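Just so you know, all these numbers are worked out from the coordinates, no wet-lab data involved. Every value quoted in this text rests on a predicted model; they were computed, and no experiment measured them. Here Cβ is always computed from backbone atoms with ideal geometry, including for glycine, and neighbour counts include all displayed protein chains.
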Amino acid sequence: MNIDIVIAIVIFLAVGVYILIRYIEEKKKYQKNYVPMLLSYLEKYQQEREEFKERAENFKGKLKQAEENLKKIKENIKNYKWKKKDIERLKQLKGTELETVFTGILEILGYKVTEPAIYKDCNIDFIINLENKNICIDFVDFKKAKDLNEKVIKKLLEGKEKYSCKSIWIITNTELNEDIKKFLLDNDINILTIDEIIRFFPSIRIFDHYFDEKTVLHNYELLYKETYDEVIRRNEWIDEINRKLEEVKKEKTLNQEI
């Protein structure tokens with residue numbers, strides 16, 4: 001046999017023996033440190049779980065406070081009286097801003113607000129429901145009021161039938177000309193111009209306060225969920241470690257019996 005091949009085989013066997021010895025040593029070392037390592041992780045995760053529990057309870061308390069604040073706003077609607085600056089702001093609301101503010105206020109007042117199946121179908125912006133009665137709503141800002149004519153109104157009447165609405169409300173932050181007003185009244189359409197809004201609705205400040213608080217509530221809901229998810233995650237990790245510790249215990253008992 002070639003001497004080079006013999007040397008190669010000897011080196012290969014020596015390396016193999018060295019690797020095997022190292023593997024056995026590392027395995028013994030790992031087994032020796034395995035339980036202490038598990039116990040260290042167990043303590044770490046238990047401590048983290050308690051910290052996340054405490055944070056979750058803190059967020060839960062703030063969440064309940066936000067809910068209480070929303071309830072108080074609804075209970076104190078009468079306190080939101082119109083001020084001069086509120087009226088000036090009302091006059092400047094346009095398009096989607098007017099819709100957003102007043103659908104929000106209608107929601108605060110207890111109406112369920114939905115959109116028609118087709119976006120702005122038959123000139124209907126929203127459908128509100130109270131005590132199982134549907135009302136079709138068309139929001140008309142000071143710009144759109146110029147385009148309000150008999151054709152637009154007839155389309156609304158078609159929508160009233162299509163969506164089985166008891167009535168139609170046109171809510172506008174301006175005044176309408178007398179001819180259009182007469183045509184609307186002749187067709188049993190309710191008109192809420194700026195004067196009626198100020199008379200029958202709470203100030204638009206209620207929208208700001210309510211939806212600011214609703215945003216706070218939503219944020220605390222997310223924070224509570226995310227934090228409590230960490231508690232659940234730690235519970236799963238702790239359970240897994242306890243299972244592994246139990247396996248080690250059973251293995252030791254079995255070896256002792258053998």
Taking 8 Å as the Cα distance limit and 6 or more residues as the minimum spacing, I'd like the relative contact order of the range 82-201 as a percentage.
22 percent
Can you flag which of LYS53/LYS214; LYS225/LYS249; LYS62/LYS244; LYS78/LYS133 are past 29 Å Cα-Cα?
LYS225/LYS249; LYS62/LYS244
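Listed highest first by mean packing, meaning other Cβ atoms within 10 Å per residue, what order do 35-48, 201-214 come in?
Descending mean neighbour count gives 201-214, 35-48.
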Check the straight Cα-Cα distances from LYS250 and name the aspartates and glutamates below 17 Å, setting aside those fewer than 8 residues away within the same chain.
ASP239, GLU240
Would you mind computing, in nm to one decimal, how far apart the modelled labels at VAL248 and TYR34 are, each placed 7 Å from Cα along Cα→Cβ?
0.8 nm
